[in-house]
Every structure is written in structure tokens, then in C-alpha cells.
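The values are calculated or read from the model by the stated rules, or taken from the named source; none is laboratory data. Please read all numbers here as calculations on a predicted model, not as lab measurements. Note that we place each Cβ from the backbone using ideal geometry, even for glycine, and neighbour counts take in every protein chain shown. The area values use the complete protein model at the heavy-atom level, side chains included, leaving out ligands, DNA and RNA. Shrake-Rupley method; radii C 1.70, N 1.55, O 1.52, S 1.80 Å.
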Amino acid sequence: MTVLVVAIPSTALVLPSVRTGGDAAIHSLRDEVERVLADVAGVVVVMAADPAADDGAVSLYPPDGVVHLGGLGLPEATTRVDGAPEGLPVVEAHPGADLAVLACAVGRVEGVGSVIAVGLPASSAGVTETMAWLAGLDGVDALVVAGDLSAGHGPKPPRPSVGEQRAAAYDHAVVAGVRAGVLEAELVADAEGTAARGVPALAVAVGLSGPAERVTHQVVDGVGSLIARWPDRA
């Protein structure tokens with residue numbers, strides 16, 4: 001499979017209609033997301049942790065084919081999704097927030113023809129099988145995965161039980177692994193404990209594509225985020 005692989009945060013802050021004030025960190029995040037998505041086009045698989053994925057990856061297809069962010073107070077943010085290629089179970093349900101945000105962020109990019117929404121378990125279950133499925137696909141032009149790291153940063157983190165020191169050490173290790181092209185199994189297994197919802201999807205991207213060529217790490221609203229692009233493969 002020859003695809004463009006990109007990681008972006010699954011927070012709704014990547015969407016221009018959210019928090020339009022003067023927060024420099026949010027504007028920086030959006031600018032970097034826009035840069036790495038600039039060449040994403042054609043048929044795109046978006047992948048993130050999702051409650052519907054219990055034992056392994058599933059394709060999520062809403063009954064009307066439309067993903068929306070009404071549950072996040074953004075009913076105007078919508079995109080159409082396609083059913084998955086063969087090889088994955090299909091769940092007829094609206095994707096959870098992480099996957100829905102990725103789908104809407106990608107669906108608004110000029111040049112994207114269709115979006116396939118794939119949910120992963122929040123743990124490491126199914127990562128190897130998902131890599132094998134993706135490696136055997138034809139007709140997919142890009143993969144965009146969640147880049148959410150630990151939610152334990154700052155004075156008011158979403159998951160204070162993680163602890164600032166553990167969150168920082170975990171994020172550092174994941175970012176180093178993405179740059180090196182190796183995410184250790186124990187890091188992926190610790191994703192749930194550190195509230196790092198994007199790491200299983202990042203493990204799929206790293207397993208397919210090796211070292212990322214462009215990696216940005218920052219913390220916004222107490223959650224670590226990773227934005228990355230992998231080299232084009234001939």
C-alpha cells in the first residue's frame with residue numbers, strides 16, 4: 001500500500017469554528033494541522049480509538065452516512081463517510097467524538113473524495129491485525145490517525161489521576177518513538193493508564209511507515225498532542 005500517512009489531534013480545537021479567540025497555542029496547532037493535511041486527497045482512512053471497537057478495529061458507518069459533531073455542540077460540522085473496504089467488521093453507529101472530529105477535519109480538506117472511519121480499541125488490542133489489514137488495501141490514498149497523547153498535563157488536566165510527571169515522561173517517550181519509527185509494546189499497552197487515546201492509532205501508523213519526517217508536540221488544554229507526517233513511499 002502506498003499512502004500518505006498523517007497524525008493530527010482528535011480534539012475539536014483543530015476545527016476553525018471552535019474557540020476562535022486569540023489563544024496562540026490553539027492557532028499554532030491549527031496552522032500545523034493545516035500544513036500536514038495540505039496534500040491529503042482522494043480516499044482517506046481516518047483512525048482513532050472508539051467505544052464501538054471492543055476486540056479490534058471496526059468500520060463505523062452512521063445509518064444516514066453522515067458524521068456530525070452535534071454531541072460537541074457543533075451541529076454544523078458534518079461530513080459523509082463511506083463503508084469500509086472488505087476485511088473489517090462494520091458497525092452501523094455514529095462514531096465517538098475522537099473519530100468524528102478526525103472525519104470532519106479531513107472531510108473539509110479540498111481534494112478529499114471520500115472518508116472511511118475506522119475505530120480502534122483504546123488498548124493495544126487489534127493493532128497488529130489493523131496494520132495487516134491496511135497493508136493489504138488497494139485504492140486508499142491517505143491514512144490520518146489520532147495524535148492525542150496523555151491527558152494529565154498542567155494545573156487542571158482532564159485526567160489528574162495520571163500525574164504531571166508521568167504524563168510528561170510518557171509523551172516524551174511516545175514522541176521519541178514516532179521520530180525513531182519504533183513504538184515499544186509497553187508504551188502502547190500503557191495508553192489507557194496515561195489517558196493517551198491516540199497512541200494505538202499512532203502505533204499503526206509507525207508500524208506501517210517507520211520514522212516520521214515531521215513531528216510537532218505541544219500541550220493544549222491539558223492534553224498532549226502530536227502532529228506528524230510520514231515520508232511519501234514510492
Taking trypsin sites (Lys or Arg not before Pro) that fall in a DSSP loop and have at most 16 other Cβ atoms within 10 Å as cut points, what is the longest piece of the chain between them? 109-232
For Glu192 and Glu92, what does the FRET efficiency come to when R0 = 22 Å and r is the distance between their Cβ atoms, rounded to the nearest 0.05? 0.25
Taking all protein chains together and a probe of 1.4 Å, list Glu86, Glu92 from the most accessible to the least accessible. Glu86, Glu92
Report which label in [x] 77, 53, 29; [y] 43, 38, 33; [z] 71, 48, 24 holds the value of Cα extents along the principal axes in Å derived from the coordinates of this structure. [y]
As a test question: what accessible area, to the nearest 10 Å², does Val206 have when a 1.4 Å probe is rolled over all protein chains in place? 10
Rounded to the nearest 0.05, what FRET efficiency do Ser161 and Arg214 give with R0 = 22 Å and r taken as the Cβ-Cβ distance? Could you check? 0.10
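Work out, step by step, the length gained on full extension between Val66 and Ala24: first 0.36 nm times the residue separation, then minus their alpha carbon distance; give nm to one decimal. Before the final figure, lay out each step's value.
On the way: separation 42, 0.36 × 42 = 15.12 nm, distance 3.19 nm.
Here the segment from Val66 to Ala24 would lengthen by 11.9 nm.
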So, for the chain, what is the accessible surface per residue at a probe of 1.4 Å, expressed in square angstrom? 42
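Which whole-number percentage describes the relative contact order of segment 91-234, with Cα contacts under 8 Å and a sequence gap of 6 or more?
Values: 218 pairs, mean separation 38.2, N = 144.
Relative contact order, segment 91-234: 27 percent.
Relative contact order of segment 4-150, please, whole-number percent, based on alpha carbon pairs below 8 angstrom and at least 6 residues apart. Could you put the intermediate results ahead of the total?
Details: 306 pairs, mean separation 57.9, N = 147.
Contact order relative to length: 39 percent.
Once you have the Cα-Cα distance between Glu34 and Asp54, take 0.36 nm times their residue separation minus that, and quote the gain in nm to one decimal.
Working: separation 20, 0.36 × 20 = 7.20 nm, distance 3.16 nm.
Gain in length upon complete extension: 4.0 nm.
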Quick one: 3J(HN,Hα) in Hz for segment 170-181, Karplus 6.51/-1.76/1.60 with θ = phi - 60°, rounded, Gly and Pro as x. 5, 4, 4, 5, 5, 4, 4, x, 5, 5, 7, x
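Give, in nm to one decimal, the length gained when the segment between Arg80 and Ala41 is fully stretched (0.36 nm per residue of separation minus the Cα-Cα distance). Could the numbers behind the result be given before it?
Numbers: separation 39, 0.36 × 39 = 14.04 nm, distance 1.48 nm.
That pair, Arg80 and Ala41, stretches by 12.6 nm at full extension.
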For segment 39-185, give me the percentage of DSSP beta bridges that are antiparallel, rounded to the nearest 5 percent. 30
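Of all accessible surface on segment 125-234 at a 1.4 Å probe, what whole percent is carbon and sulfur?
Numbers: 2500 of 4680 Å².
Here it works out to 54 percent.
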Cα centroids of segment 187-208 and segment 1-80: how far apart, whole angstrom? 17
If I build a Gaussian network model for the chain, linking alpha-carbon pairs within less than 10 angstrom, which residue out of Gly181, Gly163, Gly198 has the largest mean-square fluctuation? Gly163
